[in-house]
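Here's the structure, in structure tokens; my notes come after.
The values are calculated or read from the model by the stated rules, or taken from the named source; none is laboratory data. The structure displayed is predicted, hence computed values, not measured ones. We place every Cβ from the backbone using ideal geometry, glycine too, and count neighbours over all the protein chains shown. All accessible areas refer to the heavy atoms of the entire protein, side chains included, with ligands and DNA or RNA removed. Shrake-Rupley method; radii C 1.70, N 1.55, O 1.52, S 1.80 Å.
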Amino acid sequence: MPNSEQLAEPNYWTAPEYDVTFGPEVAEVAEMAGLAPYPEQRLFLDAIFALDPKDPSKSASFEAAVICSRQQLKTGLLKQVALGWLYVLPQPLVIWSAHEFGTAQEAFRDMQALIAASPDLDSRVSKIRTAAGSEAIEMKDGSRLRFKARTGKGGRGLTGSKVILDEAFALEPAMTGALFPTLIAVPD
């Protein structure tokens, strides 16, 4: 990654117009957890947590995607986004889905460690579920972050207010096709 003060401009970048973003607040929470965003991650956080100028009760974009080389910024960004949906704009249910069960479990362990590293963040956790296949972080305000492996049954079981699709290289058209109708039924 470049110097922490220097933004590596993306080769391709599109984002919706917005006036208000909670990206800086999400970056602060990530810093509290010991996961300070790179400038490129801040750029994405601003876009992902931007509000629709015509309807500030909704996000400015329906979906976001990051394509970059391995070990550059994606997984860290996804962790920061998950923290944002737990602490800044709490969501009733966030689903973190990965192609491999082991990857979902590692993301769960990483999120647990990030939250535990900050007493301010940890104090807002109600319960952590560790049973295999039921890994989840539950907050005192009722919001939850669940970790699941994707199956051949497509997007079934991935209904949530927000969905993180880690390891998108392994997404199949049937999976995204099954997921889309459930996502458009969610208010934001």
(i) 16.9, 50; (ii) 17.2, 58; (iii) 15.9, 44, with the label sought being that of the calculated Rg and Dmax of the Cα atoms in Å: (iii)
With a Förster distance of 35 angstrom and the Cβ-Cβ distance between E138 and D19, calculated FRET efficiency to the nearest 0.05 equals 0.60
Given unit charges at Cβ for Lys, Arg (+) and Asp, Glu (-), the dipole magnitude of the chain about its Cα centre in debye, nearest 20, is 860
Probe radius 1.4 Å, ligands and nucleic acids left out: which of K54, K127 has the largest accessible area, and how do the rest follow? K54, K127
Contact order normalised by length for the chain, with contacts defined as Cα pairs under 8 Å and 6 or more residues apart; what percent is it? 20
With a 1.4 Å probe and every protein chain left in place, tell me how much accessible area R144 has, in Å² to the nearest 10. 80
Rank-order 84-90, 165-171, 10-16, 130-136 by packing density, defined as the average count of other C-beta atoms within 10 Å over each peptide's residues, highest first. 84-90, 165-171, 130-136, 10-16
Length released on extending from D55 to L7, taking residue separation times 0.36 nm less the Cα-Cα span: 14.3 nm
Would you mind getting the accessible area per residue of the chain, heavy atoms of the protein chains only, 1.4 Å probe, in Å²? 55
Pop out the carbon and sulfur fraction of the accessible area of region 73-188 as a percent, whole number, probe 1.4 Å. 56
